[in-house]
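These notes are about the structure you will find just below.
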Amino acid sequence: MENQPIIESALEFARESFQNDFSGHDFAHTYRVFQLAQTIGKAENADLRTVQLAALLHDVDDPKLFGGSFGQFERAERFLRENGLGEDEIQTICRIISEISFKGTDTQTPSTLEGQVVQDADRLDAVGAIGIGRAFAFGGSRNRPMYDPAEPPKIGMDAEQYAKNQGSTINHFYEKLLLLREMMNTPTARCLAEHRHRFMEQFLDEFFAEWEGKR
């Protein structure tokens, strides 16, 4: 499918935004979410332009990466206005971005099909082999331990607790990653999540066996 000029501009904007990121939120992550969102969006009959733009811009105002506060979309809004989108479409895309993040027990189900598609694509990139790699990249970038047997996972955190949590990367699997399969919105994403979820379970079995010197 040939991209519209605004999609090409959004791709370049995302590439420039994340060129120096090594936390697992680099441009490659955004591009995978973009690709996955198109695959899911086509299967679920979503509006593809909305899906594409929301996927490409979903991290450009992330406070973890750029500072600022949750719920502010200054960079996304500026890009969309400069590229001629009307206020209704801008608000639709920013609403999607505001609804897709994992926030522990405060996580939202997006109010539109397009938002559900982008949320699913973002979640899929957090699980499976890529998800494992991204988890350890992010943990290392934040000086978090790989694993601490004395520190159990914190289950049932709300948004504030989740944002402040500094636990180990292995705990992150139990606090978020292993929960995502059951949180997928669309039938297409649920099918894709099954294999990735099983792969993470196999990885954890191997990790603990090696950690304990059993193989």
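Where a number appears in this text, it was derived from the coordinates with a stated rule and is not lab data. Because the structure is predicted, anything quoted here is derived from the model rather than measured. In this analysis, Cβ positions are derived from the backbone assuming ideal geometry, glycine residues included, and neighbour counts consider all displayed protein chains.
Numbers at a glance
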read-out	value
Translational D in µm²/s for the chain (Stokes-Einstein at 20 °C, 1.002 mPa s, Kirkwood Rh from C-alpha pairs)	120 µm²/s
FRET efficiency, 1/(1 + (r/R0)^6) with R0 35 Å, evaluated for Asn20 and Gln202 via beta carbons	0.60
Gain upon complete extension [Ala159, Gln4; 0.36 nm per residue less C-alpha separation]	52.2 nm
Hydrodynamic radius (Kirkwood) for the stretch 108-215, which is based on Cα pairs only, to one decimal in Å	14.8 Å
Taking N as its residue count, the alpha carbon Rg of the stretch 132-192 over 2.2 N^0.38 Å	1.23
Over the stretch 12-117: Rg over Rh, Cα atoms, Kirkwood Rh	0.94
